[in-house]
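Laboratory data are not the source of any read-out in this text; all were calculated from the coordinates shown. This structure is a prediction, so every number in the text was calculated from the model and none was measured. As a convention, Cβ positions derive from the backbone with ideal geometry for all residues, glycine included, and neighbour counts pool all protein chains shown.
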Amino acid sequence: MDTQTVTILEGTSCTWFGSPNQAGENPDRECICPFCAGPVVARDRTAFQKRITDFEAGTYEWPISNLQPDPNWEPVPHPNFSKMYAWAATQNRCFKHFMHMVNAFKKYTGETLDVTP
Ligand SMILES: [Zn+2]
């Protein structure tokens, strides 16, 4: 199995994602974010992509909640979500927070992304 095609690394303290051959390495030869040297976790590439397309399409599910009153957590579509990730993959940097990525996407592309759940 070619792990380069089935694995994607995702930053746990930043928004970076990429193939293992795009990652940096710390002195212990562990993969790290190539920009901020933050930790990364390996994900199944298909599941990672599905998470993005499901959120964009509004076909994701929220965990069961016992909050009262019950919040309106009906999934809604999020146009431009996959476009933002495609844009982020071309940027020579990571973002420290998801909303920094959303705001930069708007600033540099003029595209908006409503992330209201
Ligand atoms: Zn990073």
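Computed over the chain with a Gaussian network model linking Cα atoms closer than 10 Å, the most mobile of ILE32, ILE52, ILE64 is ILE64. Here LYS50 is the anchor, and the aspartates and glutamates within straight C-alpha reach of less than 15 Å, apart from those fewer than 8 places off in the same chain, are GLU10, GLU61.
Note on LYS106: aspartates and glutamates with a C-alpha under 20 Å away, same-chain residues under 8 apart excluded, are GLU56, ASP114.
Give me the net charge for the shell around PHE55: Cβ to Cβ below 12 angstrom, other residues only, Lys and Arg +1, Asp and Glu -1.
On the way: positive: LYS50, ARG51; negative: ASP54, GLU56, GLU61, ASP114.
Spelling it out: positives minus negatives among the neighbours equals -2.
Among the trypsin sites (Lys or Arg not before Pro) found in the stretch 21-55, those both in a DSSP coil and sparsely packed, with 14 or fewer other Cβ atoms within 10 Å of their Cβ, are ARG29. When Lys and Arg each count +1 and Asp and Glu each count -1, what net charge do the other residues less than 13 Å away from ALA89, Cβ to Cβ, add up to? That works out to +2.
The Rg/Rh ratio for the chain, using Cα coordinates for both the radius of gyration and the Kirkwood hydrodynamic radius, is 1.02. Its relative contact order, with pairs defined as Cα atoms under 8 Å and 6+ residues apart, puts the stretch 3-109 at 26 percent.
Starting from the Cα-Cα distance between ALA42 and GLN68, subtract it from 0.36 nm times their residue separation and give me the gain in nm to one decimal. Before the final figure, lay out the partial values.
Details: separation 26, 0.36 × 26 = 9.36 nm, distance 3.59 nm.
That works out to 5.8 nm of additional length.
For PHE35 and SER13, the difference between the fully extended length at 0.36 nm per residue and the C-alpha to C-alpha distance is 6.8 nm. Phi-derived couplings, Karplus 6.51 cos²θ - 1.76 cosθ + 1.60 at θ = phi - 60°, listed residue by residue for the stretch 24-30: x, 9, 8, x, 8, 6, 8 Hz, with x used for Gly and Pro.
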